[in-house]
Amino acid sequence: MPRPPARTKGPALDYFRSDSRTAYQALSEAQRIAFAPIAFQACRALRNAGVLELVERSGAGGMSLDAVAAEIRLPRYGIKVLIESGLGIGLFYLNDDRYVLTRLGHFVLHDPMTRVNMDVVHEVCYRGMFELEQAIRAGTPTGLKTLGGWKTFYEGLSSLPPQARASWLAFDHYYSDLAFPAALPLVFADHPKRMLDVGGNTGKWAVQCARHDPDVAIAVADLPQQLELARELIRVQSLQDRVAFLPIDVLDQTVSFPEGYDAIWMSQFLDCFSPNEIVSILRRAARSLPAGGTLYILELFWDRQPNETAAFCLQQTSLYFACIANGNSQMYHSRDMMRCIDESGLAVLEARDGVGPYHTLLKCRRA
């Protein structure tokens with residue numbers, strides 16, 4: 001999701017209120033969509049084989065096919081078809097018969113956001129997306145079987161093949177890491193004493209809270225297998241005396257949330273559930289809050305993004321949820337989340353956009 005020089009005045013939603021492409025542009029885009037899976041793999045192959053980096057080093061003078069083939073340990077034929085594909089994609093332009101890296105090629109090679117997005121799509125989503133139509137019809141994550149035999153992705157996260165697990169964690173952490181430094185002073189302006197981090201994942205928020213405020217007590221609540229990941233990080237950070245762990249399955253509607261916490265934190269968490277599940281989770285969270293207690297929700301809403309490309313990334317991520325993760329959740333329009341919050345008996349006191357480049361922080365209390 002590209003970061004603009006400054007936040008645009010209008011929301012990304014404005015982009016979707018008209019058909020701005022000419023007929024030629026629309027037809028050209030249709031062909032790019034038709035070949036998108038092939039182009040995606042070509043970009044990865046050129047990046048991973050070192051072709052993009054090699055051509056970049058040649059500068060504006062560029063490199064001939066023979067010069068590239070002399071340096072890269074791949075058959076000349078393979079390099080030729082890949083680099084000509086890259087020319088059509090826009091990774092290179094021609095200087096006589098030499099290939100020069102474009103701005104697009106530079107970002108595919110160097111941009112960390114592009115890398116985490118491409119890696120998670122390849123390692124976690126690519127094979128499973130063949131099942132997308134069936135997943136939509138059935139309302140179940142039929143593509144998950146390409147990774148393991150779990151009911152949901154989150155049950156198997158700690159047991160994923162190493163590359164798939166590493167790519168998913170890098171993807172998840174990349175976006176939360178952009179928002180956490182901006183969220184910390186907003187949350188701790190209310191001086192919470194005991195915080196419950198629901199869906200704490202690997203424990204990164206708990207670590208940052210403990211470092212930010214030496215007096216706050218934190219508990220991470222998540223599935224038992226997820227807590228093992230958090231325990232390891234907390235141990236490495238020597239914060240065992242500051243952070244507690246509470247195994248919980250929030251989908252079990254008979255399970256109440258623990259009481260005694262004046263702040264509850266949910267970051268990139270509620271998008272993992274259907275609207276009905278969100279309402280159930282929030283109702284139980286609301287019941288556990290003391291008078292004056294606060295629930296903080298940090299989320300990415302596609303309609304509140306600073307540009308249409310950021311919205312596009314989130315809209316496509318929804319299909320990961322549909323086909324791979326659980327079959328019933330998505331990256332939400334903020335209106336959908338507000339409806340769930342209202343139905344749960346909570347009220348939004350403040351909705352702050354631009355917490356980091358893309359997140360919105362919702363501050364809620366019992367209505």
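The values are calculated or read from the model by the stated rules, or taken from the named source; none is laboratory data. Just so it is clear, the structure is predicted and the values come from calculations on it, not from any experiment. Using ideal geometry, Cβ is built from the backbone for each residue, glycine included, and neighbour counts are taken over all protein chains shown. Accessible surface areas use protein heavy atoms only, side chains included; no ligands, DNA or RNA. Shrake-Rupley method; radii C 1.70, N 1.55, O 1.52, S 1.80 Å.
What nm value, rounded to one decimal, do you get for the distance between Thr22 and Ser158 when each label is placed 7 Å out toward the C-beta?
5.7 nm
Give the residue from Asn276, Val355, Val250 lying farthest towards the positive end of the charge dipole for the chain; charges sit on Cβ (+1 for Lys and Arg, -1 for Asp and Glu) and the dipole is referred to the Cα centre.
Farthest towards the positive end: Val355.
Ordering His110, His173 by accessible area with a probe of 1.4 Å, largest first, what comes out?
His110, His173
How large is the helix-only mean residue ellipticity at 222 nm for the chain, computed as the sum of -39500 (n - 2.57) over DSSP H runs with n ≥ 4, divided by its residue count, in deg cm²/dmol to the nearest 500? Don't jump to the answer; show the numbers that get you there.
Values: 15 runs with 167 residues, N = 367.
Calculated from helices alone, the mean residue ellipticity at 222 nm is -14000 deg cm²/dmol.
What's the ranking of 72-78, 180-186, 197-203 by average number of surrounding C-beta atoms within 10 Å, highest first? Working shown, then result.
Values: 72-78: 12.6, 180-186: 16.0, 197-203: 25.3.
Per-residue Cβ counts within 10 Å, averaged per peptide and sorted highest first, yield 197-203, 180-186, 72-78.
For Ile218, list long-range residues whose amide hydrogen, built 1.01 Å from N in the peptide plane, is under 5 Å from its own amide hydrogen.
Those qualifying (amide H under 5 Å, at least 5 residues apart or on another chain) are Met195, Ala244.
Under 5 Å between amide hydrogens, which residues at least 5 positions from Thr294 or on another chain qualify, with H placed 1.01 Å from N in the peptide plane?
Distant-sequence amide H within range of Thr294: Ala263, Ile264.
Magnitude of the Cβ-charge dipole of the chain, K/R +1 and D/E -1, about the Cα centre, nearest 20 debye?
140 debye
State whether the chain is rounded, prolate or oblate according to the following rule on the C-alpha gyration tensor (a ≥ b ≥ c being the square roots of its eigenvalues): a/c under 1.5 gives rounded; otherwise a/b larger than b/c gives prolate, and the remaining case gives oblate.
Values: a/c = 1.96, a/b = 1.83, b/c = 1.07.
The shape class here is prolate.
With Cβ to Cβ distances under 13 Å as the rule, what net charge do the other residues near Ala42 carry (K, R +1; D, E -1)?
Values: positive: Arg32, Arg44, Arg47, Lys80; negative: Glu84.
Around Ala42, the charge tally is +3.
Percent of alpha carbon pairs in the stretch 1-143 separated by more than 27 Å?
So the pairs more than 27 Å apart make up 38 percent of the total in the stretch 1-143.
Of Ile264, Ile234, Phe188, which is farthest on the positive side of the dipole of the stretch 134-268, counting Cα position, with +1 on Lys and Arg Cβ, -1 on Asp and Glu Cβ, and the Cα centre as origin?
It is Ile234, whose Cα lies furthest towards the positive end.
What is the spread of the Cα atoms of the stretch 303-367 along each of their three principal axes, largest first, in whole Å?
The principal-axis extents, from largest down, are 35, 27, 15 Å.
Roughly speaking, to the nearest percent, how much of the stretch 236-318's 1.4 Å accessible area is carbon and sulfur? Kindly include the intermediate steps, with their values, before the conclusion.
Details: 1620 of 3240 Å².
Reported share for carbon and sulfur atoms: 50 percent.
Between Gln134 and Asp249, what length in nm is gained on full extension when 0.36 nm per residue of separation is reduced by their alpha carbon distance?
Once the chain is fully extended between Gln134 and Asp249, it gains 38.7 nm.
Using a cut-off of 24 Å between alpha-carbon atoms, which lysines can reach Lys193, once sequence neighbours fewer than 8 places away in the same chain are excluded?
Lys204, Lys363
Determine the sum of side-chain charges near Val108: Lys and Arg each +1, Asp and Glu each -1, restricted to other residues whose C-beta is under 13 angstrom from that of Val108. If you can, show how the numbers build up before the last one.
Details: positive: Arg44, Arg47, Arg103, Arg115; negative: Glu53, Glu56, Asp111, Asp119.
Cβ neighbours under 13 Å give a net charge of 0.
Could you give me the ³J(HN,Hα) list for the stretch 123-129, computed from phi with Karplus coefficients 6.51, -1.76, 1.60 and θ = phi - 60°, whole Hz, x at Gly and Pro?
Coupling constants for the stretch 123-129: 6, 9, 9, 4, 5, x, 5 Hz.
Evaluate the charge dipole of the stretch 212-342 about its Cα centre and quote only its size in Debye, nearest 20, assuming +1 on the Cβ of each Lys and Arg and -1 on the Cβ of each Asp and Glu.
140 debye
At 1.4 Å probe size, with no ligands or nucleic acids counted, give the accessible surface of Tyr126 in Å², nearest ten.
About 70 Å², ignoring ligands and nucleic acids.
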